[in-house]
Amino acid sequence: MIREVFLSASIPVPGRGDFFTTANPFLIQLAVRELVIAAHGKRRIVWGGHPAITPMVQSICDDLGASYKDSFVLYQSRFFDRDFPEENASFDHVVLTDEINGDRQESLSLMRSEMLSREGLSEAVFVGGMEGCIDEYKILKERRSSVRLLPLGATGGAALLLVKSEHSNDASSFCTVNFSRFFHKVFS
Amino acid sequence: MEAFYRVCFWGRIDDSVFEAISSDLISRLSDCRYELGREVGLERLLGELRDFDEKVPIVVVAFFSGEENLDIDFPESVSILPVVSRLEEVSRVVPERYRHINCLSLEHGIERLTSTIMESLGLLPRQRRVFLSYKRDESRSVALQIYYDLCGRNFEVFLDTHGVSLASDFQETLWERLCESDVLIMLDSPNYFDSRWTSAEYGRALSKGISVLRVSWPGMGGSSKTANAISVYLQDSDLSPAGEISDDKLQEVSRKLEFVRSQSHAVRHINVQGDIVNAVERIGGKYIGVGPHNIIGISLPDGRCITILPVVGVPSARTLHWTRLNCGVGAALLYDSVGLSEGTQSHLMWLGEEIKSVRFVERHRLGWELGDWQ
């Protein structure tokens with residue numbers, strides 16, 4: 001079975017308190033970039049996409065070879081089917097999860113539950129993010145003890161909160177900006 | 001305020017030499033309208049390096065005279081400039097592990113040393129490239145204000161003026177200018193973004209690792225498409241009837257730019273250095289360190305030493321020539337192909353085949369190439 005890494009990444013927006021004030025948008029972008037490059041050939045990346053990040057990921061795929069498109073599993077909830085970005089069409093593996101009762105929260109919960117119960121998940125990387133990121137961390141911690149949890153504190157947002165609350169003994173290594181070295185060690 | 005850049009002196013330095021270097025740095029930094037001790041921190045290290053922040057460009061100028069404690073250790077990503085009074089002293093006073101990094105000598109003059117310090121921090125004009133993008137009929141006045149202000153601070157600014165017609169494809173030469181910049185400044189006026197960028201082109205710019213500073217026009221607020229940018233927000237009161245911004249706001253833009261730019265410089269450097277360490281580990285070689293001109297030294301398993309020069313943007317024949325002169329035969333020019341157009345990539349392959357004395361190596365293939373280095 002191909003090993004998979006779950007990517008929980010979003011860029012906190014103004015009005016979202018501490019998530020926004022600590023978030024470092026450049027480092028969020030760079031961390032995802034370095035993850036995509038480091039995971040190539042070693043892991044398939046499972047994620048839900050993001051309007052500011054998906055186009056960049058698609059571009060990296062284009063530059064580093066079409067096989068990159070096979071290296072992603074993109075989850076989308078049918079609740080948002082009117083808003084799917086055009087870039088989604090370029091990914092070969094798109095998993096659509098059902099809309100539940102016309103409810104945003106329930107539909108997202110279903111998507112999350114399906115994404116995080118994939119058998120092949122080996123690691124989970126948390127970049128920036130807000131409440132959803134923390135929920136995903138908690139679900140994995142409770143239900144998937146074999147999945148290695150890796151918040152990148154330097155990116156700020158929820159990832160930084162998770163480093164402080166869950167990885168305080170080793171905070172400096174989780175707060176590095178040397179993402180190239182970090183992922184190399186994780187995937188070796 | 002916290003400094004954007006950090007210069008550390010280590011080892012025994014005569015007061016007169018320290019004064020001369022400080023004085024020359026002050027003069028050079030005034031070209032950027034910066035002060036030594038404010039935007040650029042200066043410290044004399046008594047022992048270990050404290051408060052190391054990977055996001056702040058740093059250089060350690062290490063003076064060796066034979067009297068030092070030779071056991072000092074610096075983080076492996078830190079640029080070290082070993083300095084001696086005379087080059088003939090190198091084998092006697094410089095510890096073995098620093099001898100593989102080019103040493104500087106005070107015989108060559110203070111100006112050469114301070115120029116190398118500025119270069120290590122990325123403070124030379126050719127290293128401070130900014131791509132300033134705006135919509136002509138909406139923000140021309142502000143664009144020109146920012147342009148002249150940044151030129152006065154030792155930045156090289158490329159103006160990307162977008163007209164009223166529909167977005168045209170990014171021409172190759174324009175794309176190369178963008179790839180050589182470390183910051184994209186966009187004046188996000190009401191009709192700027194969608195008329196200038198397709199989603200794919202903006203994604204491609206981000207894939208290059210460029211950092212983005214966004215000057216957000218009144219009422220524009222946050223944007224999901226440009227969420228990765230650091231923003232300066234304008235209110236209505238910040239724009240004069242003539243469409244210009246106040247000096248205070250201009251100052252805010254330039255300070256944010258320096259923050260964005262210095263962070264980008266440090267973080268990109270550390271990740272390239274990380275790539276090199278990864279590649280060296282893979283083949284069983286040894287990482288030596290970062291020296292003058294940000295040249296990185298490694299040794300192969302068979303003991304051969306190789307110097308690697310990481311390059312931002314598109315490496316040119318001129319860069320190849322400089323590398324040959326300063327790093328010797330067999331050095332490697334390391335570049336990142338992600339975000340470069342197909343035309344540029346095939347040009348680089350052709351250039352690499354024609355010029356054998358310096359090798360072009362694509363960043364993500366370094367381990368592979370080092371494993372079979374001829």
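The values are calculated or read from the model by the stated rules, or taken from the named source; none is laboratory data. On a predicted model such as this, the values are computed, not experimentally measured, just so you know. Positions of Cβ are backbone-derived with ideal geometry, glycine not excepted, and every protein chain shown enters the neighbour counts. Surface accessibility is based on the protein's heavy atoms, side chains included, excluding ligands, DNA and RNA. Shrake-Rupley method; radii C 1.70, N 1.55, O 1.52, S 1.80 Å.
The residue of segment A:9-26 that is most open to solvent (accessible area, probe 1.4 Å), among those that are more than 9 Å from chain B (Cβ to nearest Cβ) and touching a helix residue (DSSP H, G or I) at 6+ places or on another chain (Cβ under 6 Å), is A:THR22.
Helices (runs of 4 or more DSSP H) fully within segment A:140-188 that include at least 1 residues being under 16 Å from A:GLU4 (Cα atoms), in contact (Cβ under 8 Å) with a residue 12 or more places away in the chain and within 11 Å of another protein chain (Cβ to nearest Cβ): A:179-187.
Residue-level check: of (1) open to solvent by less than 20 Å² (accessible area, probe 1.4 Å); (2) closer than 18 Å to B:VAL338 by Cβ, B:SER199 misses just (1).
Given the criteria in a loop (DSSP other than H, G, I, E, B) and more than 30 Å from B:GLU342 (Cα to Cα), does A:ASP92 qualify?
Values: in a loop (DSSP other than H, G, I, E, B): yes; more than 30 Å from B:GLU342 (Cα to Cα): no.
Here the answer is no, as A:ASP92 does not meet what is asked.
Being assigned to a loop (DSSP other than H, G, I, E, B), touching a helix residue (DSSP H, G or I) at 6+ places or on another chain (Cβ under 8 Å) and open to solvent by 60 Å² or more (accessible area, probe 1.4 Å) is a condition met by no residue of segment B:11-29.
Under the condition of being open to solvent by 10 Å² or more (accessible area, probe 1.4 Å) and within 7 Å of another protein chain (Cβ to nearest Cβ), the residues counted in segment A:35-54 number 2. For segment A:143-152, the set of residues classified as within 15 Å of A:MET115 (Cβ to Cβ) and out of contact with any strand residue (DSSP E or B) (no Cβ under 8 Å at 6 or more places or on another chain) consists of A:ARG143 only. Checked against (1) surrounded by 14 or more Cβ atoms within 10 Å (Cβ to Cβ); (2) more than 13 Å from the chain's Cα centre (by Cα), A:ARG143 passes all but condition (1).
This table checks each residue for (1) within 10 Å of another protein chain (Cβ to nearest Cβ); (2) not acidic (Asp, Glu).
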{"position": "B:SER211", "(1), (2)": "yes, yes"}
{"position": "B:TRP217", "(1), (2)": "no, yes"}
{"position": "B:MET220", "(1), (2)": "no, yes"}
{"position": "B:ALA227", "(1), (2)": "yes, yes"}
{"position": "B:VAL232", "(1), (2)": "no, yes"}
{"position": "B:ASP236", "(1), (2)": "no, no"}
{"position": "B:SER240", "(1), (2)": "no, yes"}
{"position": "B:SER246", "(1), (2)": "no, yes"}
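Contact map, segment A:2-31: first residue over 22 Å from A:SER71 (Cβ atoms) and assigned to a helix (DSSP H, G or I), second residue open to solvent by 60 Å² or more (accessible area, probe 1.4 Å) and at pLDDT 95 or above, Cβ cut-off under 9 Å, separation 6 or more or different chains; pairs are A:ASP18/A:LEU161; A:PHE19/A:LEU161; A:THR22/A:LEU161. Answer yes or no: is there a residue in segment B:251-271 that is over 19 Å from B:ARG214 (Cβ atoms) and hydrophobic (A, V, I, L, M, F, W, C). The answer is yes; a qualifying residue exists.
Restricting to segment B:110-139, name every residue that is assigned to a loop (DSSP other than H, G, I, E, B) and open to solvent by 20 Å² or more (accessible area, probe 1.4 Å).
B:LEU124
For segment A:73-89, the criterion of being farther than 16 Å from B:GLY203 by Cβ and among the β-branched types (Val, Ile, Thr) is met by at least one residue.
Can you find even one residue in segment B:164-171 that is open to solvent by less than 20 Å² (accessible area, probe 1.4 Å) and within 14 Å of chain A (Cβ to nearest Cβ)? No, every residue in segment B:164-171 fails to be open to solvent by less than 20 Å² (accessible area, probe 1.4 Å) and within 14 Å of chain A (Cβ to nearest Cβ). Quick one: in segment B:248-268, which of the residues that are open to solvent by 20 Å² or more (accessible area, probe 1.4 Å) and more than 14 Å from chain A (Cβ to nearest Cβ) is nearest to B:ARG365 (Cα to Cα)? The selected residue is B:ARG255. Does B:ARG196 satisfy the criteria of being away from chain A (no Cβ under 14 Å), touching a residue at least 60 places away in the same chain (Cβ under 8 Å) and within 19 Å of A:ILE53 (Cα to Cα)? Criteria met by B:ARG196.
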